[in-house]
Structure formats: structure tokens, C-alpha cells
Amino acid sequence: MLLIRCPYCETARPEVEFRHGGEALMERPRDPSRASDAEWIDYLYMRRNPKGPHAERWRHVHGCGRFFNCLRDTVSDRIVVTWRAGEPVPEVTDGDGA
Amino acid sequence: MQRFSFFQLLRQSFGNHVGWQPHWRAAAPKSSYDIVIVGGGGHGLATAYYLASEHGLTNIAVVEKGWIGGGNTGRNTTIVRSNYLFEESEALFEHSMKLWEGLSQALNYNVMYSPRGVLVLAHNTTDAQVIRRHVHANRLAGIDNEWMTPEQAQAFCPILDVSRNVRYPVVGASLQRRGGTARHDAVAWGYARAASALGVDIIENCEVTAIRRDARGAVSGIETTRGEIATHKLGLVTAGHTSVVAGMAGLKLPMESYPLQALVSEPVKPVMPCVVMSNSIHAYMSQSDKGELVIGAGTDAYTSYSQRGALHVTSQTLDALCELFPIVRRLRMLRNWGGIVDVTPDRSPIIGPTPVEGLYLNCGWGTGGFKATPGSGHLFAHTLARGEPHAIVAPFDLDRFTTGKLVDESTAAAVAH
Amino acid sequence: MTQPYRLPTGGRIARSRPLRFTFDGRSYEGYAGDTLASALLANGVHLVGRSFKYHRPRGILSAGSEEPNALMTIDRGAGRVTPNLRATQIELYDGLCAISQNRWPSLDFDLGAASQFVSRLLPAGFYYKTFMWPRAAWRRVYEPLIRRAAGLGKAPRAPDPDRYTNQFAHCDVLVIGAGPAGLEAALRAGRAGSSVILCDEQQELGGSLLNNSQAAERLLQYTNELRALPNVRLLRRTTAFGVFAQNFVALAERINDHLPASNKDMPRESLWQVRAERTVIATGAIERPLVFPGNDRPGVMLAHAGLAYVNRYGVLPGKQVVIATTNDDGYAVADALKAAGAEIATIVDLRRDETIAATHGGKRISSVDIRLPDNSLRRIACDLLLMSGGWTPSVHLFSQARGKLRFDVPLQCFVPDGTLDAIECVGGCAGAGLQPSPATQIVADGKSFVDFQNDVTSADIELAVREGFRSVEHIKRYTTSGMATDQGKTSNMNALAIAAATIDAPVGSVGTTTFRQPFTPVTFGTLAGLSRGALFEPVRTLPSHDWALAHGAVFEDTGQWKRASYFSLKGEGMRDAVMRECRTVRAAAGIFDASSLGKIEISGPDALTFLNRIYINDFSRLDIGRCRYALMLNEAGLAMDDGIVGRLAETRFHVTTTSGGIGHVLHHMEDFLQTEFTSLQVWLTDVTEQWSTFAVQGPRARDIVGELTTTIDLSPGSMSHMSLREGSVCDADARLMRVSFTGECGYEINVPSSEGARVWAALYESASRHDASAYGLEALNVLRAEKGYIIVGQETDGSTTPDDLGFGKMIGARKDDFVGKRSLSLAHLASSGRKQLVGLKPLDPQKMLEEGAQITLQSGAPTGSHAVGHVTTACWSAVLDRSIALALVENGRALIGSTLHVPMPNGDIPVEVTSPVFVDPAGARLHG
């Protein structure tokens, strides 16, 4: 069970309090009606799915209820850093975000 | 190929078994092949075998970064069934089922396909509706699947608790008698042996590091840890890692990789005659020929390539199984492991060509790929050999995400009002 | 004489506390402090089991958790039968009942041993090469035989009456293993003031110190000091079995099984989930057996196991001892046994180019043949052969934590390569203090066992290599070496060495297999913990639950909810009850507890905009005090949930969801609100638990509700269909909606949950006065189907668009965007020929359809025919007195009036395609 630091509650909590929200930093087309099928499908279905550092979303569903972003290494599952939605991606130091 | 039989076994036993030959040649890569299959799991090896045996294409290599059958082929819970709902899936998995039935004989390798029956439990009205819909659809498609009362289900699997006073009582079940299990390692080894005998090069410890493309963008070869290999047709069959390998050709896929755990108990004398699956409490169980209870569940919650899941996921699976089968509570978990599964948005596989000329995919089998191994290989071989999808796999092309024509088996089991 | 092999003095057993126990029905005596293994040896019992494949007689190999042979079933009474326990780990208690396994009819005389005569036909992987003819025989003949022969003990036959529990712990330092290195690590951390957990799988702390009679004083000092430190928690009988991501360690503590009778107030076992700042792995090392012909005979034992039996348990496992060793430890063991009175017949030092060529004896070793450097053989009589092939560090947990290993040539084993962030290995586990042990030549004529439990011999491993299996994982899988219940603790290194020698590659380059959790087997019940029976999954009940119980309700599960399926009056069957309820609703009225419906209050200046983006509908013209049926899509354009949106105020809405849908609907809404529509000022509040919801439906609904409220004007002119009012009902604050899921004039009364039961009772009283009754889900299903109202998840299946359901016109045409809209124009979603919602009437009105049944164009459609649709709902309409159904059919709306076919096992059922609305298509009753 991962320990995940909620950037709103500013505390590390066990994974079962959270719900995984998939890849982060994806942009929904500003005007979907003008997006081509390819653009729309890219947003809807295409995923980076990287092996290594991965920006993803979590929601503290059994806590504050907020969505936030998280940089996790998908090989080691080490969480590098978490940050609030909408804020810039933090500069990554070598510290453990959890 | 040295033929396997009881008489051969007897003959070799008098020579202290020194006369047995390697099951497959340990091949070194040649400079070029007509077709290169990336991924030496069951699906990749089956593809190579059928390319050689049915399409006469023998200048084929299977490149595997580790040892063959070491990915999901060697990590799954070995369930075989074809009781799917939609006509597209029925055709695909039934095609595979038919190949399972004669596979040991075709490969001259006992893959221990054992049609011991797959029982799918219903715990509420919605479950029952969904499962009965499967039964009706399967009957029309000519796939065996029958509805059972709780009492009939218990008669088929005596350790199942069907009492009404449990939290989620069994209200009915479906049974596919031809469903069952097979020996996962034997599938990889049997296909490897048969393919190797037909001239296919099986190259282990050979990791692909780059995909080369010519000026037109078409595939021209691969770079590997064992050197460069030229080819104009590349089949990616790298379950779990498809996004990574396809990424080498600049391709982004509708796919995410999740951990999937399984576990076995210590061996006990036979108690479990069939496979039991419960989708609403997310657990399934069978017993191996060795006596181990083989147990699986749904994927972990987040994407990962760690081949390691979380303890609470295992615990939740066992919670459910101890409720369904109260006598197993005192048994003990012997081994617990994780695999990595490619999951597509509709949880159905992707088989066919890609926008990159010469690059073909066979991936996205999610949690259910093992049962499809023979069919997947057979149909993918056809697709590679002809350069166009076999009719059965045509609905599973990459293009379906653009048209929206998804084949989503999972959502048929939906919410209740 | 009892305990003939018990030494007169010494050991850590309590001689003042003799205990009786039985093994295979025979009674023996041992002492408190014994394990079952030491007590059996004290009684001269060496034959304790039969091997898996050849049923060879097997004795006790070890004194710890690595034991491959001495597996027992322990019977503690009904439901408390546990197979496959290791005699070396079972603490003796008075009355212990042990039963040997995998033998028939008895351990002494086992017919299964006949397989030895055909053992040359059963090399590694033999089953892959035969049993293929005839095809059907595998399932019918061969496999059942193999299955019967396989398996170890028998599974319990009754449910387990014991309890299991679960604890979470946080500490600065977790020390795993209480041998000398672990004790010192724990002391160091404890003295420094750190919070420490020290766990050990054994009943006593001390590890290898327990086997050293000179170390007793030192051990006592250690343990006394540790016990005195309040910041140190000592967990005995506790196995650290798994290390997970982020230094999360799982421990299994055995609490009850060493007691004669289970303490009813205590759980049997407990699962500890520990998060430590730092973990110290001090799990020591396991002695390696030597591989030589006949090395599995009872009386052949690991050297340090012999030492443990003498020094710790005061048992002399043999009187005439041969010691075979590759290292100096063998001599120390010889000294100890000699001091205890054994005769050391000889020491075979494999470093001097001598080895064991054979062993003799039936069910106990009687002599060994030693091959001397000049290749001559010498036979020596003995009743115990102790062997030491060096040490293998227990790096299992370190490896599980993804620590790297390197091959150490002098030690001939893998040791940790560096440390991990928060995990280090100390002592024997790190390779410290272990005796160097040169690689030894394997002599392999005759059966030389590598994996004792799975009967894997050196010849099997050589065969696997010969057959092309060169990866260590392939060799493991092909031979099954290392896959037994000991997970290869004594065998993996030897198997690897033999494979490397056969391939002619350095051992280090062949690599090692993956270490998988658990370190030793863990009870399913321990992992499941408290999650059992009523605690397996919480039950959610409706406000009317107790009332319903008293009124004949038969419940069904929907997620966690228990909801009334129907109310059986005076022993009515289901069908009669449902039909009565349906008729009552249409004739008078019915009341239904709909409190499980999800409810969300949506407020804020942008609430309307938000709803317009989340649902397909356009709510711009939804006036305050009005409500509307609403459909929600996922971003793929497919129906996801439905409900009612009611406007309470300019910026405040009351929204309902399906019963099972509230969780994912709210998540979906929050997702878009927080991450896509971030400029909107909207608040979402789940008020499902705050409001009880009761539906009152039927021509007399207005009269019934009217008796309960004075503040709301129910007259049709004031409160027409799809109105919403706030006021009071039964003096409780209420939100009253005029909505219908039956096609009748209907209301949904929402009152605070604290008032729910009271209001329900009042409602029932009022209803009774108007000849109305309660109805359950089954009747609801019929009533809504008669009107063609859909249930998401029944009329939809995750591939259904609004237009498929006939809701195309509901889509707000003036809206640029809403979730899912863009996908609706994807080729397939916009294509013709999609399945559409229709009604079906069997031509024979008596003929019931089945839900999920398929629909074909032609009658007698052959197998493999395309199904143009399927039945989503099938029921008997009480009011129409006939069978009806809803279905999704390709181009269904164009097929209305035509005949289709529903193939069933015993023939087709022809059906007429109709409108999905069977009752009151004009809506006169609804608006009445």
C-alpha cells in the first residue's frame, strides 16, 4: 500500500484513502466540437503509459475530495512529488514526496 | 523434432534419459528475417508457429528480452473459456477454444488443457441478468454455457457455500463445461518446440532497444542487445510493455499497464473440481493438478510496471474467497506474484496493422489473454502473412477507437437502479 | 522407556512439564519447549513423511522454517484441522494430535511408494511428453490419477471457527530476526531511544544463540535489557513475510496455536502491517544440504539441525554419527555431539576429495558408503548423517524489496549487494560471519535429491539443461525445483550450482530466481482478518427496513443495500405478491422506499452552467420549483447514469442518481469540476445520507400525501407533473417532487433521515386508509417497464447512446458542448443500424420472455446467426394481463409492427415489435 502525500491536507495517507485518476496534464480540447476525430481520440484514449517517471492524478476521495497531481516512478512505485491541480509542475529534487 | 510419446519415454528411460534433445534450438540472431515477432510469450510463439505451419513462412524470429514464457504467460491463473457476450468476442475466443481442444496433439506436447468447467456466479438480480444474457448469446453462437440454480452449482462444486444467510448469497450461476484450465508453461514451451522444429529462430535474452524505419517511415529493422536485425514486418506481442515498445516507433496507444496479482495456496488433495469466478466480488479460484488452489482477482488500482501489487488487494481477494469457500480459510498462501497487463479503454485486445507500415500489434489482452493464446497466434499469423486482418480480428483493430466501435465486455455488467 | 533419545541434562526444555501428544494415533511424551520435531526425535521417530512424487520415506532435515520433509496435519478439533504444517515449527502442547500426510494406508506401509519402481519413467517434465492419447483420456483418466496422487495434506472439511485480526504499527526501526545480529541491532536502536519492533518467527528470541549452550547467559542479558526498554516491542512467533513498496512490511503473528486449547478471547493469528523509518533484516542464513545419492533417507540431517536438537532441545538425534561437510562448521558440530555422548563414526570432509557415494537403510539410515580420494569405497555404520554444504543467507525479504544481490565465490551463495534506502541486512543475512564453503563436486549415480519435497534430483536438473532449459527460471519450472512449500530454502542454491556446472557457466552468471512473498506460507484467514461474515461488507438498510421486516419483505442486494424485492402477505408467493402490488398501485396507490437513490446538492453561481455541461439536457429554461429527467454520458458518449434534476433556487439544484451510481457519478462530476471546468464556481455535496426518499405513486397518491402536509399545495394547477416544492411533511422539513417512475401521478417525499422511519410509518398509515400498500423492486420493475422507462445498466450496457434510448430530442440542441457530446459524432455512434429501445409483445401473450434472450430476424435461426438485439426487461404486466418486454433491437424503431424471433432452447418465441410504452401513452394518468 502506497503512502501518498495529499498536497491539500499536507499529510501522507495510505493509498486506500485515494482513488487513482489516470494520466495527468492532459488537455481536453478547448472546443470539442471543433476538434478533429484524431484530436478528440488522442484526448479520450491515447495514453503515454511510460515506464519510469509518470505524471498522474489522484483524488483524496476519502479525505478532502480534491484531485491533485503526482509524479511517480512506475518501475519502483516511488512517489517523487505531489502537487495541487493547476499549479506548475514542481522542480524535482531527490526528496521523496511521500 | 524428436517425437514425444509414452514409448519414447520408455525408450529414453533405458538410456538414463541422456537421449533427449533440446525442446527448442537456442538460436543466435541472423542479420535479417522476413518477419520478426517481438515477445516470446505464448501469443508470440504461437504466432511464429502458425506462420511456419500454416503459411509456410519459416524465415521468422521470435526475440525475447528474457526467457520465453516469462511474462504474463508464466504468471496467469491459466483459465480457458469462451463464454463472452458480444459476437466479436465470441468468435475470437471460441476460435481459440477450438484450437485448445486439439492443441496437445497438434504440438505433440501435453499442454494439459482440462475442460473441467468454468462456473460464473451471480450474487444479485443484476448479475443474474447479465450472466443469463451471456448464456442466451452463447447458445445462439453455438458456445456451450448453461444456467444453473445455486443447488446445481453446489453439486458441481461442493465446497461452494450457497446458503442464503451469507452477505452475498449465490443466486445462480452459469457453467461452461468446455471451459477449464491448461498448463501455462507448457503452452509456451510446446509452441516454441514446434516452431523451432519448423525453422523459426527463438532468440532469448535479446531485448529490443530501437525500431528502425526507412525514409518512407516503414519498418526496416530493429536494434537489440544482441545486434541489429533487418526486417520489413514486425509483430509486437509484448503484453504489459506494448506502450514502451510501440513508443520506439513513435506510436502512442490507447493503453495503460496495470499490476495484476495472483496467488497459490499450499498443495492439498483435490477439493476444487472446476474453475469458479465471481465478478461481483472480484475473485476466482481453481485447483492445479499439483493441488495448489490458484487464485486471482482484478487489477491493482494504479498503473505500474513494478510487477508487484499491494497487500490489501490480495487480502480483499481472500476475504471474498473465504466467504464463498469457508473451508479454505485455514489454508495458507504459498506464493503471491504480480504481472503487468495492458488494458485498453474497452478491455478488448488490439490486433492488426498500425499507421506505421510494417508494424503490427497483438496486445491489450488485459487480464484475460492466456485463454486466447492459440487463437490469437493463429489469427495474428494470418494477419501478418497476408498483411491484412483476418475477419475474426478485424473488429479488434486500432481504428475502432477512432470510429467508436468499441467491444466492451466489461460494461455489460453495469450499475443497478 | 519414554524419550529414549532425550539427554539427561541440558537444553532449554522444561523437564518439569512433560506433555503427551499423538502422532498417527500413537501416544508419545515430550516436554514444554519442544517442537513436534524435537519431541519425535526424542522418541526415536525419524520417519515422519512421504515424498511428493516417489513417496520415499522422509525424516526431519532441519530444525526450522526451511524444513521440506516433516509436513504434518494438526487436528485441533472440528474445523481446526490444518494441513502441511512443519513439525520443526510446531510447538508441543499437551494433547497435540499430529497426522502424517501423503501416504496410504499408513506411513510405514505406503502403497504410493510403488511409484519408485517406475521412477525411471517419471523424470522431470515426463507429463509434458505423454498422456496425450487418446485425446479425451487426459481429462477423464490421466489427470484424475495425477490429481489424486498430488497434493499434500487434506483441506479442512468444516468452516474455520477461529478468529483473525489485523494491526497497524509505525516505528522508527523494524528489526526482523532475533538472532545475535538482530538482537544487537534492536538494542542499539532501543538504547538510542528509537521506537523499535523486533520480530522473530520462533517462540523464543535468540536465533542461533538458542543452539549454543555457552551463549545462554549472553542471550538472557540481551532479552532482559530489551524487555526493560519501553520503546521496544518484542513480537515472538511472528514472521515477516513480505516487503512491499515504500518499505511497507507485513508480519504474521501466531497467537493461539501453541496452546492446548484455543483461547476463545484471543484471535488465532494477527496480521501486522508495519511502516518503519528503517528496516533491519537479520534473518540469518540457512545451511545447505549436500547432494549425494540417498541424501533423503531418514536420519540424514543438516549439521546445525543436529546441533540444535542436542543443545536446544536436549535430544540426541543419533548415537553413531557420520558428519559430511564442506566447511569447518562440521567439526564444531562434531565436537558438540561428541560432548553429548554420541560416537562420531567419521567426518567426511569434501574438501579432501572424499564424498558420500551411497546411504543404506530402510526407513532410517544404517550405513553410508564413503568414496575415498583413491576412489575406493568404505562402508561405515551409523544412525545419523549430519551434513553441511555451507550457508545460504536468507535474502528473501531484501530481494522482495528489490535489493540487488551478488554472487559471493568463497561462500558460494548470493549476498546483498549494497543497501536500499531504508533497508539494510546485518549478520548472516548479509553474509557476515559465515564459513567459506568451496563448491563441491556432485556425484550423481543413484537418486541425489536437490529439492526434497518435490522429489527433484540432480539428474532432473541435468536433464532440464540437456533439454534446452538454460534460464534458471525455466529449470525451476520444468523440474519444479524450489516450487514446494518451502520455496526452495534448502534447495535453490544447490539447484543453481548443478545447473551452472551442467551448462559450464559460472554460478553468478546464471542468476537466481525471483523471491516471491510470502517468506513462509500465510493463512488465508490471517490475510482476510476481520473481514468476514457481517463484516465482510457492510449492510446498508433503508429507513423502512425494520417496518419491512415486520411486513413480509423479501430482500435483495443492490451493492451494499438491502432492498425489499416484494412484500409477501399471508404467505403469498413472489408472483402473486408482485401482481397484487402492481394492481394496487394502478388502482389506488403504492408507497416505495427509494432512499437508496443517490442525492447530490449542487449550488453556486455557475451551478446551471455546470449541469448543462454534465448532462445532455438543457436546463436553461428549468424554472425554480421544476424538475426534469436527466441523462448523463461519459466522455465516450455512452449513457452512464440518469436521475432527476430539480431547481430549488436560481443557483441551487437537487439532483438524484441511480442507487449504485452515486459514487462514480460524484467522482465524475468532481473530476470535471476540479480539473476541466475550473473557472466554474460550483459546490457539490453528497446528501444521499441526509435525505430519506419515499415514492407515493398511483391515482390516490395526492390524497395520501395530502394528509401529511399542510404547507404544500398539491393541486394539479399548483403542483403539476415535474414540480418541486419545499415545505413540511409530517412536520418534517421536506422536499417534495412530483415525479413518477410508474406512469401514475406520483410524488417523491424527501425528509431528513432522522425523520425517515417516522414519516414512513405515517405514510403507511395514510396509504392504508386509501387502500394503498407498499411495493417492492419487482413491482417497480413491472410498473416502469409498462411505461417504457429505462433502468441504466439494464436498458443500457455501456454501448448505448441517448438516441438508442429514444432520448435524441432530449439533447440540448443549443449547447456547444457537454460531456460526451463530441463522441456522439464519431462514425459508429452516429451510424445507422444501431440498437434502439423498443417494446416486444410475444404473439402468444402467455409466453414469458427471458431477460438477456437474443432476438433474430428469422425464425429457426441457425447456430451462429446474428442477433439483431436482446431482451433487456421481461415481465408479466398485471394491468395488461399479458407478457411484455423491452428490448434493444437494431433499427428497432423502424421495425415497430413487424415480427421478430426470440430463440430459446425449446424453440422460437415470435414477438411483435412495439413502442416501448405499453400503458397510457398519452400520459393522462401521469398528469392527472
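Filter region C:833-850 down to the residues that are among the hydrophobic types (A, V, I, L, M, F, W, C) and open to solvent by less than 60 Å² (accessible area, probe 1.4 Å), then identify the one that is nearest to the other protein chains (Cβ to nearest Cβ). Give the steps one after another, and end with the answer.
Within region C:833-850, the subset among the hydrophobic types (A, V, I, L, M, F, W, C) is C:837-838, C:840, C:843, C:848-849.
Restricting the remaining residues to those that are open to solvent by less than 60 Å² (accessible area, probe 1.4 Å) gives C:837-838, C:840, C:849.
Working: C:837: 15, C:838: 17, C:840: 14, C:849: 10 Å.
The selected residue is C:849.
Answer yes if at least one residue in region C:158-170 is more than 14 Å from every other protein chain (Cβ to nearest Cβ) and either in a helix (DSSP H, G or I) or touching a Ser or Thr at 6+ places or on another chain (Cβ under 9 Å) (or both), and no otherwise.
Residues of region C:158-170 more than 14 Å from every other protein chain (Cβ to nearest Cβ): none.
Looking through region C:158-170, none of the residues is more than 14 Å from every other protein chain (Cβ to nearest Cβ) and either in a helix (DSSP H, G or I) or touching a Ser or Thr at 6+ places or on another chain (Cβ under 9 Å) (or both).
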Item to complete: Report yes if residue C:88 is among the β-branched types (Val, Ile, Thr), at pLDDT 95 or above, within 30 Å of residue C:313 (Cα to Cα) and open to solvent by less than 60 Å² (accessible area, probe 1.4 Å), otherwise no.
Response: yes
Discussion item. Cβ contacts < 7 Å: first residue more than 10 Å from every other protein chain (Cβ to nearest Cβ), restricted to region C:851-873; second residue basic (Lys, Arg), any location; separation 6+ or different chain. Result?
Written reply: C:869/C:835
Worksheet entry | Those residues of region C:129-138 which are more than 9 Å from chain B (Cβ to nearest Cβ) and either open to solvent by 40 Å² or more (accessible area, probe 1.4 Å) or at pLDDT 95 or above (or both), in sequence order | C:134, C:136
Discussion item. Consider region C:626-638. How many of its residues are open to solvent by 10 Å² or more (accessible area, probe 1.4 Å), part of a strand (DSSP E or B) and within 14 Å of chain B (Cβ to nearest Cβ)?
Written reply: 1
Discussion item. Looking for something more than 30 Å from residue C:657 (Cα to Cα) and modelled with pLDDT under 95 - is there at least one such residue anywhere in region B:388-405?
Written reply: yes
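Taking strands (runs of 3 or more DSSP E) that do not extend beyond region B:238-336, which have at least 3 residues that are within 17 Å of residue B:157 (Cβ to Cβ)?
Passing ranges, in order: B:275-278, B:283-287, B:293-299.
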Response to the item:
The one condition residue C:534 fails out of (1) open to solvent by 20 Å² or more (accessible area, probe 1.4 Å); (2) in contact with a strand residue (DSSP E or B) (Cβ under 7 Å, 6 or more places away or on another chain) is (2)
Worksheet item: What residue, among those in region C:411-439 that are more than 34 Å from the chain's Cα centre (by Cα) and aliphatic (A, V, I, L, M), is surrounded by the fewest Cβ atoms within 10 Å (Cβ to Cβ)?
Response: C:432
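crowded, with 21+ Cβ neighbours inside 10 Å, at positive phi and in the same structural domain as residue C:493 (by TED's automatic domain parsing): which single residue out of C:460, C:455, C:451 fits that description? Can you show your working first?
Values: C:460 fails: at positive phi; C:451 fails: at positive phi.
Answer to the selection: C:455.
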Discussion item. Could you list, ordered by first residue, the pairs with Cβ atoms under 6 Å in which the first is in region C:18-33 and assigned to a loop (DSSP other than H, G, I, E, B) and the second is modelled with pLDDT of 95 or more and not aliphatic (A, V, I, L, M), at least 6 apart or interchain?
Written reply: C:24/C:100; C:33/C:12
Discussion item. Condition first: on the phi < 0 side of the Ramachandran plot, more than 10 Å from chain C (Cβ to nearest Cβ) and among the small types (Gly, Ala, Ser). Can you find one or more residues in region B:263-277 that meet it?
Written reply: no
Worksheet item: Quick check: is even one residue across region C:508-525 touching a helix residue (DSSP H, G or I) at 6+ places or on another chain (Cβ under 8 Å), within 11 Å of chain B (Cβ to nearest Cβ), of a type outside the set (Val, Ile, Thr) and open to solvent by less than 10 Å² (accessible area, probe 1.4 Å)?
Response: yes
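If we keep just the residues of region B:195-218 that are more than 27 Å from the chain's Cα centre (by Cα) and outside any loop (DSSP other than H, G, I, E, B), which is nearest to residue A:74 (Cα to Cα)? Write out each step before concluding.
Let us first name the residues in region B:195-218 that are more than 27 Å from the chain's Cα centre (by Cα), namely B:212-218.
Now narrow it down to the ones that are outside any loop (DSSP other than H, G, I, E, B): B:212-213.
Details: B:212: 26, B:213: 28 Å.
The qualifying residue nearest to residue A:74 (Cα to Cα) is B:212.
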Worksheet item: Which members of region C:817-832 meet the condition of being closer than 16 Å to residue C:616 by Cα, away from chain B (no Cβ under 11 Å) and open to solvent by 20 Å² or more (accessible area, probe 1.4 Å)?
Response: C:817, C:821
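Being of a type in the set (A, V, I, L, M), at the interface with another protein chain (Cβ under 7 Å from one of its Cβ atoms) and out of contact with any His (no Cβ under 6 Å at 6 or more places or on another chain): is that true of residue A:75 here? Break it down into steps so the answer makes sense when it comes.
Values: of a type in the set (A, V, I, L, M): yes; at the interface with another protein chain (Cβ under 7 Å from one of its Cβ atoms): yes; out of contact with any His (no Cβ under 6 Å at 6 or more places or on another chain): yes.
Spelling it out, residue A:75 is indeed of a type in the set (A, V, I, L, M), at the interface with another protein chain (Cβ under 7 Å from one of its Cβ atoms) and out of contact with any His (no Cβ under 6 Å at 6 or more places or on another chain).
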Worksheet item: Within region A:81-91, can you find the residues that are away from every other protein chain (no Cβ under 12 Å) and open to solvent by less than 50 Å² (accessible area, probe 1.4 Å)?
Response: A:81, A:82, A:83, A:90
Practice prompt. Give the residues of region B:318-349 that are under 24 Å from the mean Cα position of the chain (by Cα), open to solvent by 10 Å² or more (accessible area, probe 1.4 Å) and within 11 Å of chain C (Cβ to nearest Cβ), sorted by residue number.
Written response: B:335, B:337, B:345, B:347
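Just to be sure before I move on: is residue C:358 open to solvent by 20 Å² or more (accessible area, probe 1.4 Å), assigned to a strand (DSSP E or B) and either over 30 Å from residue C:178 (Cα atoms) or small (Gly, Ala, Ser) (or both) in the structure I sent? Before the answer, list the steps.
Details: open to solvent by 20 Å² or more (accessible area, probe 1.4 Å): yes; assigned to a strand (DSSP E or B): yes; either over 30 Å from residue C:178 (Cα atoms) or small (Gly, Ala, Ser) (or both): yes.
Criteria met by residue C:358.
Residue by residue, here is whether (1) within 7 Å of chain B (Cβ to nearest Cβ); (2) part of a helix (DSSP H, G or I); (3) among the aromatic types (Phe, Trp, Tyr) holds:
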| position | (1), (2), (3) |
| --- | --- |
| C:114 | no, yes, no |
| C:119 | no, yes, no |
| C:127 | yes, yes, yes |
| C:140 | no, yes, no |
| C:147 | yes, yes, no |
| C:151 | yes, no, no |
| C:155 | yes, no, no |
Fill in: Hits in region C:210-228 (condition: under 16 Å from residue C:12 (Cβ atoms), assigned to a helix (DSSP H, G or I), open to solvent by less than 80 Å² (accessible area, probe 1.4 Å) and not hydrophobic (A, V, I, L, M, F, W, C))
C:211, C:213, C:222, C:223
Worksheet item: Does residue C:445 count as buried (at least 19 other Cβ atoms within 10 Å of the Cβ), touching a residue at least 40 places away in the same chain (Cβ under 8 Å) and charged (D, E, K, R)?
Response: no
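Can you list the helices (runs of 4 or more DSSP H) found entirely within region B:53-172 that contain at least 1 residues being within 11 Å of chain C (Cβ to nearest Cβ)?
On the way: elements: B:87-101, B:103-107, B:125-141, B:150-156.
Correct list: B:87-101, B:103-107, B:125-141.
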Worksheet entry | Single unsatisfied condition, residue C:775 versus (1) open to solvent by 30 Å² or more (accessible area, probe 1.4 Å); (2) more than 14 Å from chain B (Cβ to nearest Cβ) | (1)
Discussion item. Out of the residues in region B:54-76 meeting the condition of being crowded, with 24+ Cβ neighbours inside 10 Å and β-branched (Val, Ile, Thr), tell me which one is farthest from residue B:199 (Cα to Cα).
Written reply: B:73
Response to the item:
The correct count of residues that are open to solvent by 30 Å² or more (accessible area, probe 1.4 Å) and either polar (S, T, N, Q) or not in a loop (DSSP other than H, G, I, E, B) (or both) in region C:361-377 is 5
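Could you list all residues from region C:329-355 that are assigned to a loop (DSSP other than H, G, I, E, B) and open to solvent by 30 Å² or more (accessible area, probe 1.4 Å)? Walk me through how you get there before you give the answer.
Residues of region C:329-355 assigned to a loop (DSSP other than H, G, I, E, B): C:340-342, C:353-354.
Correct list: C:341, C:353.
The values are calculated or read from the model by the stated rules, or taken from the named source; none is laboratory data. Keep in mind that this is a model prediction, so the values were computed, not measured. With ideal geometry, Cβ positions are generated from the backbone for all residues, glycine too; neighbour counts draw on all protein chains shown. We work out accessible area using only protein heavy atoms, side chains counted, and drop any ligands, DNA or RNA first. Shrake-Rupley method; radii C 1.70, N 1.55, O 1.52, S 1.80 Å.
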